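The next block holds one structure in the form of C-alpha cells; read it before the comments.
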Amino acid sequence: MDVPLFSPLAQNRALADEFLEAFSRISESGQFILGREVECFEREVAEWHGMSGAVGVSSGTDALLVALMAEGIGPGDEVIVPSFTFFGTAGVVARLGATPVFVDVCPDCFLLQPDTVARAVTRRTRAVIPVHLFGQACDVPGIREALGGNTAVVIEDAAQAMGARWGQQRVGGLGDWGAFSFFPTKNLGGFGDGGMVLTSDPGRAETARWLRNHGMHPRYVHEQVGGNFRLDALQAALLRVKLPEVEGYLRRRQENVNYYLEGLGDHHLVRPGSSASCACLECGQDDYRGRILLPRLQRGQTPAWNQFTIRIRDGRRDELKKHLAEQGIGSEIYYPLPLHQQPCFKLFNNGAPLPHTETLCTEVLSLPVYPELLPDQMDHVIRAINEWLA
Ligand SMILES: *Cc1c(COP(=O)(O)O)cnc(C)c1O
C-alpha cells in the first residue's frame, strides 16, 4: 500500500466543479492580477480571522518580506528568529540586509519561547518572528512581553498554522503582522504559490498594499521601493472555493493525529522530569519507553497539525525513514540542517551552540497527516512503525 507524505488529489477532486466554475468566471472577466476576486478573498480571510486588514501576496515568503519592508527594517537592524524553521523565515531578513539573530527552541514542542527571546533582545532588535511550527501556536503574548520596553514588532510566521489558536484568537492575529502561505501542502493549499499578510492596523495594511505593487502610490509615483508581490485573481478565486472547507480539513487532521496517538500510544509513556524549559504540556518529561517520542503540545493553544512530527533517538531516525520508504510510506525530515549552520548564514553565526535545535535536526521525522488520509493507510503506517520498534 502506498501512503504518500502528502497528496492534494482527493481534496481537490471533491471540489472540481466549483474550481471549473471559478476558472470560467476569471477567464471571462479578463482581470487576471489583483482586482475584485483578490479583494473578496482578502475580506473573507480577514473575517475568518476576526481581523480587519488582509493583503494578498505572491507567497508566504513574500508575506514575511513585505511585513519587514513595511517596518523599514534593513542594515544594522536585528531580527530574532528561531534556528529550527523553514529557510524562508530567516532568508527574508538577510535579503533586506538586516541581521537574523538565531535562537534555540523548546526541545519538546519545537517552538520559540519568551525567555529565549528576552535573552536575545538588544537595543538593535527591530522585530521578532515567532514561527507556529508544524501547526502549533507560539506564545505570542508572552513573546511580546519578553521584549520589555523594546518597541520591536512581532511578525508571526503562520505559514504552517492557519486555523491554530492561542486562547480563542487564531494565529496571525496575535502580533503586529501575520504571514500566511498557500503553498499546496499548507492548511489552505492553492494551485501554486500564494500568500497573505494580516494586520489590524490600517496604516500597515495600506503600506503593504503599495509595497506588493512596486511601492506605487498613487499611480506611477513611488516613494518607497517595493516589488512585484501580487496575487493572481485565478489563485484567489480557487482559494475562495477552499476557504469554507478549512475548518473541516483541520478537524480531519486532528482526527488523524488522534488515530496515530492511539495506534502508537505505547511509545508515549513518559515520566515527569524536572527541568521545564517552557510551558508545553510535557516539557522536561524526557524519559520515554521505546525509541520514538510523539509530538508534545505547548499549553494554551489549539494546534492545526500541518505536520505530525515524531522524534527517534539513538541515531536511528534515518533507519526508520528507510524502513517506511520500503513499505511505501512517505516521510520527511523538517529540518535536517539548523539555519544557524547554513553556509549562507555563516556571517551571522557567532559560534554559540543551539543544542536543542541541533539535536532535533538529527531526530525529527514528519509522517503523513493530510486530511484525506484513510484509516487503512494510517494502520499501515502504525503497523510499520510498531514492527520496526519490536
Ligand atoms: C512554507 C513556509 C514559508 C514560506 O511560504 P512559501 O509560500 O513557500 O513562500 C515560510 N515559513 C514557514 C515556516 C513555512 O513553512
**Item:** Residues located in the range 145-165, provided they are outside any loop (DSSP other than H, G, I, E, B) and more than 11 Å from the chain's Cα centre (by Cα)
**Value:** Glu145, Ala146, Val153, Val154, Ile155, Arg165
**Message:** Please pick out the residue among Ala159, Ala152 that is under 20 Å from Arg212 (Cα atoms), modelled with pLDDT of 95 or more and in contact with a strand residue (DSSP E or B) (Cβ under 8 Å, 6 or more places away or on another chain).
**Reply:** Ala159
**Prompt:** For the subset of the range 110-134 comprising residues that are outside any strand (DSSP E or B) and within 15 Å of the ligand (Cβ to nearest atom), which member is surrounded by the most Cβ atoms within 10 Å (Cβ to Cβ)?
**Reply:** Leu112
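I need the full set of residues from the range 207-219 which are small (Gly, Ala, Ser) and either outside any loop (DSSP other than H, G, I, E, B) or within 14 Å of the ligand (Cβ to nearest atom) (or both), in order please. First the steps, then the outcome.
Step one: filter the range 207-219 for residues small (Gly, Ala, Ser), giving 208, 215.
Passing the criteria: only Ala208.
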**Prompt:** Which one is farthest from the ligand (Cβ to nearest atom) among residues in the range 175-206 that are hydroxyl-bearing (Ser, Thr, Tyr) and buried (at least 23 other Cβ atoms within 10 Å of the Cβ)?
**Reply:** Thr199
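Taking the residues in the range 51-105 that are in a loop (DSSP other than H, G, I, E, B) and among the polar types (S, T, N, Q) as candidates, determine which candidate is farthest from the ligand (Cβ to nearest atom). Before the answer, list the steps.
Going through the range 51-105, the residues in a loop (DSSP other than H, G, I, E, B) turn out to be 51-52, 58-59, 71-77, 83-87, 96-98, 104-105.
The next check asks that each one be among the polar types (S, T, N, Q); those that pass are 52, 58-59, 83, 85.
Details: Ser52: 23, Ser58: 8, Ser59: 3, Ser83: 13, Thr85: 5 Å.
Here the answer is Ser52.
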**Asked** Given the conditions (1) more than 14 Å from the ligand (Cβ to nearest atom); (2) over 30 Å from Asp139 (Cβ atoms); (3) under 22 Å from the mean Cα position of the chain (by Cα); (4) surrounded by fewer than 24 Cβ atoms within 10 Å (Cβ to Cβ), which single one is not true for Leu238?
**Response** (4)
**Asked** Is it the case that the range 145-158 has a residue that's within 16 Å of the ligand (Cβ to nearest atom), touching a Ser or Thr at 6+ places or on another chain (Cβ under 9 Å) and closer than 19 Å to Thr61 by Cα?
**Response** yes
**Asked** Which numbered condition trips up Leu365, out of (1) in a helix (DSSP H, G or I); (2) in contact (Cβ under 8 Å) with a residue 24 or more places away in the chain; (3) of a type in the set (A, V, I, L, M)?
**Response** (1)
**Fill in**
Per the filter on the range 183-235, residues farther than 19 Å from Asn306 by Cα and polar (S, T, N, Q) are Thr199, Ser200, Thr207, Asn213, Gln224, Asn228, Gln235
**Request:** Could you tell me whether the range 8-22 includes any residue that is crowded, with 20+ Cβ neighbours inside 10 Å and assigned to a helix (DSSP H, G or I)?
**Result:** yes
**Item:** Given (1) in contact with a Pro (Cβ under 9 Å, 6 or more places away or on another chain); (2) surrounded by fewer than 19 Cβ atoms within 10 Å (Cβ to Cβ); (3) within 20 Å of Val117 (Cα to Cα), index of the condition Ala352 fails
**Value:** (1)
**Message:** Can you find a residue that is surrounded by 19 or more Cβ atoms within 10 Å (Cβ to Cβ) and closer than 20 Å to Thr207 by Cα anywhere in the range 82-92?
**Reply:** yes
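The values are calculated or read from the model by the stated rules, or taken from the named source; none is laboratory data. For clarity, every value in this text was computed on a predicted model and none was experimentally measured. Reconstructed Cβ throughout: ideal geometry from the backbone, glycine too, with neighbour counts over all protein chains shown.
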